[in-house]
1. Taking segment 117-131 as the search range and keeping residues that are out of contact with any helix residue (DSSP H, G or I) (no Cβ under 6 Å at 6 or more places or on another chain) and not in a helix (DSSP H, G or I), which one is least open to solvent (accessible area, probe 1.4 Å)?
2. Look at Asp168 and say whether it is over 27 Å from Phe71 (Cβ atoms) and either exposed (fewer than 15 other Cβ atoms within 10 Å of the Cβ) or of a type outside the set (Gly, Ala, Ser) (or both).
3. Mind counting the residues in segment 40-73 that are open to solvent by less than 70 Å² (accessible area, probe 1.4 Å), modelled with pLDDT under 90 and in a loop (DSSP other than H, G, I, E, B)?
Amino acid sequence: MGSRSSHAAIIPDVDSIRRETGFSQASLLRLHHRFRALDRNKKGYLSRMDLQQIGALAVNPLGDRIIDSFFPDGSQRLDFPGFVRVLAHFRPVDEDAGNRDPKAPEPLNSRMNKLRFAFQLYDQDRDGKISRHEMLQVLRLMVGVQVTEEQLESIADRTVQEADEDGDGAVSFLEFTKSLEKMNIEQKMSIRILK
């Protein structure tokens, strides 16, 4: 009968990952088990194809964009620390977040980091702005054929117009955060099972 801490030894750098992501040791063990289950060929890393096997991502209209977020800079391999870094954005915000050391890096699950993550799902060309075209692409993915192209274009135009404070025809990250300031992004971008 081994203790939980002996199981943690199978995760390299577990203490560093725990500090960076905020996941408990027990959560990291569960996530490591899930990571290994997704790595069907025992390669030690995940590919895009491995993530495409996740049912919830396969049916999510933004599934491909979410999968892309696991592979920044065009990489083809996802190691365990990279896997949990992305998942940490969906960790519920800690109740004691106000007591955190101001010199410590901002937690991956903070409101601002959750907003950055959401913003990059729209900003596909990574130019720091959400164009009308990018907004339209996301709307097409999310509503499919339920709405006419004309209606989608109207929604995209109105959405960009309402958020675009500087009149440049696109939504910057600052404008994006302002447009969502009343939304409870902390709750909407939290997955409770990862707590």
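The values are calculated or read from the model by the stated rules, or taken from the named source; none is laboratory data. Note that the structure is a prediction, hence the values are computed from the model and not measured. Please note: Cβ atoms are built from the backbone with ideal geometry, for glycine as well, and neighbour counts cover all protein chains shown. To get the accessible areas, we keep the full protein, side chains included, count just its heavy atoms, and leave off ligands, DNA and RNA. Shrake-Rupley method; radii C 1.70, N 1.55, O 1.52, S 1.80 Å.
1. Just the residues of segment 117-131 that are out of contact with any helix residue (DSSP H, G or I) (no Cβ under 6 Å at 6 or more places or on another chain), to begin with: 117-118, 120, 123, 125-129, 131.
Among the residues that remain, those that are also not in a helix (DSSP H, G or I) are: 123, 125-129, 131.
Details: Asp123: 10, Asp125: 94, Arg126: 139, Asp127: 92, Gly128: 36, Lys129: 54, Ser131: 38 Å².
In this case the residue turns out to be Asp123.
2. Details: over 27 Å from Phe71 (Cβ atoms): yes; either exposed (fewer than 15 other Cβ atoms within 10 Å of the Cβ) or of a type outside the set (Gly, Ala, Ser) (or both): yes.
Here the answer is yes, as Asp168 does meet what is asked.
3. The number of residues fulfilling the criteria is 4.
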